[in-house]
Amino acid sequence: MINLLPYINGLLYFALLNSIFNIFVNLIYKIIYFYYILYYIYIYTMPKSKKLINNNNNNNNNNNTTTLNNFKDIIKESTEDINQKETLTKIFDFFKSNVNETKFNTLYKKTKFFGSDKLGKSGALVGVLKIKGKEYVIKMYKIQEKYKYIYKYEPKCIKLYFPFNELIINTIFSNMDTFLSPASNNTYNSKYSHFFIPTKNIGLSDTYSYMISDKIGLTYEKQFFTNLYDLFIEDYIPKLLNYINKEDKATINAFLTKLVEILTEYFDCMKFLNENLGYINSDLKCKNVFIKENDEESLDTFITNFTPLISDLDKATIEINGVLILPRPDKRLEKYLAKRTLKLSKAYEIRYNCSRNTALCNKFKPYQYDIITLLFDIYIILYKEIFKQLKLSRKDYYDYFKVLNEFVKKTLNINDEEFAKFYKRIHKSYLLKISSETRFSFHINAMLYNFCKSL
């Protein structure tokens with residue numbers, strides 16, 4: 001008779017080792033997550049630097065009607081310099097000469113600010129401002145003196161304090177005829193201009209930067225929607241849950257077909273921007289995709305008469321005259337991750353590193369980085385708000401989103417097996433299990449790393 005005891009003992013030993021390994025892995029994740037929590041508590045509670053006044057500023061020389069035009073000329077001319085230190089000097093000199101404390105205080109008092117639930121994590125203040133009877137949106141950043149005018153550059157690459165970076169990119173996008181070739185500018189005007197928020201003016205005080213643009217958002221049945229996240233949480237998710245419970249796939253498919261049509265045009269615009277201006281948002285998630293109402297007829301079932309906008313550009317990157325313009329990593333963790341190839345570093349490399357590798361997974365093109373991160377964010381919302389709420393098998397759940405699934409496969413040029421690896425990264429994410437809202441860069445980085453590793 002065969003003695004099975006050694007085999008049973010072996011299996012038990014293997015099971016024990018596997019359990020110990022899983023416990024160890026979970027412990028490591030908890031330690032890392034706890035470290036990040038402590039780090040961000042430190043960052044947001046550390047003493048603020050004292051307000052410093054730049055005595056070289058001449059507030060009387062600020063001509064409001066020409067600020068934006070002057071700045072776009074400064075950007076174009078300064079990036080033609082061979083010496084990137086000169087590039088930064090010209091940009092900094094412009095900022096210093098356009099500080100106007102009185103004007104900012106007047107605008108601040110007139111602004112009706114959005115609640116924090118409508119905003120991301122960058123610390124910006126956003127609100128509605130009425131000028132001569134017309135409503136505009138104003139976005140402000142509280143700026144720290146110690147970060148303002150730091151010279152950080154490499155050959156053909158400059159890095160700026162992130163509020164200044166956003167002023168530059170919005171100025172470029174509001175003056176496309178200056179930065180695009182005539183042919184590309186014609187394409188922009190005919191196909192893509194409606195995806196942008198025209199910037200009306202920019203400015204600085206001693207402690208704030210700001211920009212004023214056309215009003216965004218959409219009102220439906222007395223409810224105001226600011227961004228794509230609002231639409232998903234307030235409109236799409238409740239209705240999808242209802243139609244799934246009714247097993248009404250026809251209505252869901254009609255909605256997803258329209259959503260795919262909207263996203264297809266939006267992604268095509270992102271490709272155009274990357275190919276012509278080297279644009280990568282690097283922080284693209286639903287909360288950062290602002291929306292505006294358009295003239296198209298909405299579906300009766302879901303809100304679809306909106307245009308997604310190229311928006312929230314403080315962490316975006318762009319290339320002008322062969323000079324890469326990046327936000328500058330000012331926090332210790334950002335500096336560390338931007339220089340290394342780690343599980344949690346890809347977004348930081350794309351955002352902050354002059355020598356970055358933008359070919360994600362060595363498979364996707366640079367413009368697809370933002371597309372992948374936005375698609376991950378959409379599927380994370382669906383996973384958290386629908387899959388975790390319903391008692392459906394994974395197969396039955398994804399069957400309801402066939403139209404969207406096929407769009408993802410076509411957009412990323414991946415097959416069924418590779419798409420399965422895409423969505424399995426969400427189901428296997430430890431961070432999504434232990435936190436209701438994890439920082440975007442943190443969990444998206446982990447998913448991108450594992451997704452690339454599995455391909």
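For the reader, a short list of remarks on this structure follows.
- Förster radius 56 Å - calculated FRET efficiency between ASN245 and LYS109, Cβ distance, rounded to 0.05: 0.70
- Translational diffusion coefficient (Stokes-Einstein; Kirkwood radius from C-alpha pairs) of the stretch 59-214 at 37 °C, 0.692 mPa s, in µm²/s: 196 µm²/s
- Under the Karplus curve 6.51 cos²θ - 1.76 cosθ + 1.60, θ = phi - 60°, whole-Hz ³J(HN,Hα) for the stretch 380-392, x wherever Gly or Pro sits: 5, 4, 4, 4, 6, 9, 10, 4, 6, 9, 10, 8, 10
- Net charge, GLN223 excluded, C-beta distance under 10 Å - Lys, Arg +1, Asp, Glu -1: -3
- Computing FRET efficiency as 1/(1 + (r/R0)^6) for LEU412 and ASN253, where r is the C-beta to C-beta distance and R0 is 22 Å, gives about 0.60.
- Lys-Lys pairs in the stretch 367-425 that are eight or more residues apart or on separate chains and whose Cα atoms lie under 21 Å of each other come to 20.
- Annotation: amide H-H contacts under 5 Å for LEU324 (H modelled 1.01 Å from N, sequence separation of 5 or more, or interchain): CYS157, ILE158.
- Protection-proxy order for peptides 322-333, 417-428, each taking the mean of Cβ atoms within 10 Å per residue, highest first: 322-333, 417-428
Rule-based calculations on the coordinates, nothing more; no lab input. For clarity, every value in this text was computed on a predicted model and none was experimentally measured. With ideal geometry, Cβ positions are generated from the backbone for all residues, glycine too; neighbour counts draw on all protein chains shown.
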